[in-house]
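The values are calculated or read from the model by the stated rules, or taken from the named source; none is laboratory data. Only a predicted model underlies this, so the values are computations on that prediction, with no experimental measurement involved. All Cβ positions, even for glycine, are placed from backbone atoms using ideal geometry, and neighbour counts span all protein chains on display.
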Amino acid sequence: MAPPLSVSFVGGERGTWEIERLVAVRGQALDDVPRLTVLDGPQAAGAGAVWVLRGVTSNERYVERPERDALVARQPTLRRPGATQAALIPISKSPAWWDLTQEERRAIIETRSRHIATGLAYLPAVARRLHHGRDLQQEFDFLTWFEFAPADAGPFEELVGRLRETEEWSYVDREIDIRLQYAG
């Protein structure tokens with residue numbers, strides 16, 4: 001497993017990703033901005049940042065060994081040629097979610113909601129990386145970053161729609177859906 005990586009998603013006037021859509025699915029919105037920069041590591045956000053969302057990669061907390069092996073075997077790398085569309089989906093879950101034990105959350109995520117199995121069905125078309133913000137006392141518990149080719153935009157919408165219909169999503173207090181196009 002790779003060591004944890006701090007990542008900042010910086011919304012502002014400049015950035016390598018053009019924001020095509022920024023929608024509050026549930027809860028308070030973020031300020032509208034035209035661009036997004038993704039900074040890996042402890043880099044400063046710089047002048048002109050309207051908002052900064054921070055998270056850190058971590059170990060997989062809810063997968064079992066066969067699921068992890070399947071994810072590793074099928075998961076493509078980020079920054080692939082042709083993967084010029086992206087989505088950043090920050091999510092915070094309710095206090096009721098965090099009051100559950102890890103085993104109870106696992107039962108909701110996979111046994112009943114089939115989150116991991118659903119996601120596997122869309123690999124390798126959609127690359128993804130999960131960032132944890134809760135342990136850093138950030139605004140969002142999770143920042144999920146997805147990259148895909150324009151031809152895979154439809155399947156990505158299907159994936160997100162399927163996940164939002166699950167029991168797991170009943171615990172989401174706040175969700176922002178940010179869609180992006182690589183602008184160089």
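Residues in the range 110-145 that are among the aliphatic types (A, V, I, L, M), part of a strand (DSSP E or B) and in contact (Cβ under 8 Å) with a residue 60 or more places away in the chain: LEU130, LEU143. Which of the residues spanning the range 108-140 are under 14 Å from GLU168 (Cα atoms) and among the charged types (D, E, K, R)? Correct list: GLU110, ARG112, ARG114. Please determine, by comparing only the residues of the range 67-102 that are aliphatic (A, V, I, L, M), touching a residue at least 24 places away in the same chain (Cβ under 8 Å) and part of a helix (DSSP H, G or I), which one is nearest to GLN137 (Cα to Cα). Here the residue is ALA96.
Scanning the range 40-95 for residues that are modelled with pLDDT of 95 or more, within 21 Å of SER6 (Cβ to Cβ) and among the basic types (Lys, Arg) yields one hit, ARG54.
Rundown of residues vs (1) of a type outside the set (D, E, K, R); (2) under 18 Å from the mean Cα position of the chain (by Cα), yes/no style:
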position: ALA70; (1), (2): yes, no
position: LEU78; (1), (2): yes, yes
position: PRO90; (1), (2): yes, yes
position: HIS131; (1), (2): yes, yes
position: ARG134; (1), (2): no, yes
position: GLN138; (1), (2): yes, yes
position: PHE142; (1), (2): yes, yes
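Among the residues of the range 146-175, the ones that are charged (D, E, K, R), touching a residue at least 12 places away in the same chain (Cβ under 8 Å) and not in a helix (DSSP H, G or I) come to 4 in all.
Condition first: aliphatic (A, V, I, L, M) and within 14 Å of the chain's Cα centre (by Cα). Now tell me which residues in the range 147-166 satisfy that. Of everything in the range 147-166, those that are aliphatic (A, V, I, L, M) and within 14 Å of the chain's Cα centre (by Cα) turn out to be LEU159, VAL160, LEU163.
In the range 141-184, the qualifying residues are those that are aromatic (Phe, Trp, Tyr) and touching a helix residue (DSSP H, G or I) at 6+ places or on another chain (Cβ under 8 Å), and the one that is surrounded by the most Cβ atoms within 10 Å (Cβ to Cβ) is PHE148. Applying the condition of being closer than 17 Å to ALA183 by Cβ and either small (Gly, Ala, Ser) or surrounded by fewer than 13 Cβ atoms within 10 Å (Cβ to Cβ) (or both) to the range 21-45 and asking which residue is nearest to the chain's Cα centre (by Cα) yields ARG21.
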